[in-house]
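Notes follow the structure.
The values are calculated or read from the model by the stated rules, or taken from the named source; none is laboratory data. Fair warning: this is a prediction, and the values are worked out from it, not measured in the lab. Note that each Cβ is placed from the backbone with ideal geometry, even for glycine, and that neighbours are counted across all protein chains shown. Just the protein is used for accessible areas: all its heavy atoms, side chains included, with ligands, DNA and RNA removed. Shrake-Rupley method; radii C 1.70, N 1.55, O 1.52, S 1.80 Å.
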Amino acid sequence: MGNETNRGSGIVGLSALVTGGGSGMGLGAATRLVQDGAHVTICGRTVDRLRSAVAALEEVARASAETGAP
């Protein structure tokens, strides 16, 4: 996987649950899913990390919408 958005991934509009989504690989996976057009729910143990992750994912979703990504 490169940094490009995979518009043909077939996950546009699908829902995904990412455990450990507040940081590390979970946040990375959630970010990629959002870039590819999935509806993402994250969970984890640390509320502050989750809040920061949600803010970052919302920004990714906004940027994807502005660039015409799914």
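If you plug the beta carbon distance of residue 45 and residue 14 into 1/(1 + (r/R0)^6) with R0 = 22 Å, you get a FRET efficiency near 0.30. Note: relative contact order over the chain, using C-alpha pairs below 8 Å and six or more positions apart, is 34 percent.
Against the chain, whose longest principal axis is taken from its Cα atoms, helix 47-67 shows a tilt of about 10°. Rounded if a/c is under 1.5, else prolate if a/b beats b/c, else oblate: with a ≥ b ≥ c from the C-alpha gyration tensor eigenvalues square-rooted, which is the chain? It comes out prolate by the Cα gyration axes.
Surface composition of the chain: carbon and sulfur make up 54 percent of the accessible area, probe 1.4 Å.
In the chain, the longest principal axis of the Cα atoms and the axis of helix 24-35 are about 30 degrees apart. Overall, the chain carries a charge dipole of about 200 debye about its Cα centre when +1 sits on the Cβ of Lys and Arg and -1 on the Cβ of Asp and Glu, all other atoms neutral. Taking the charge dipole of the chain about its Cα centre, with +1 at Lys and Arg Cβ atoms and -1 at Asp and Glu Cβ atoms, the residue from 34, 24, 44 reaching farthest to the positive side is 44.
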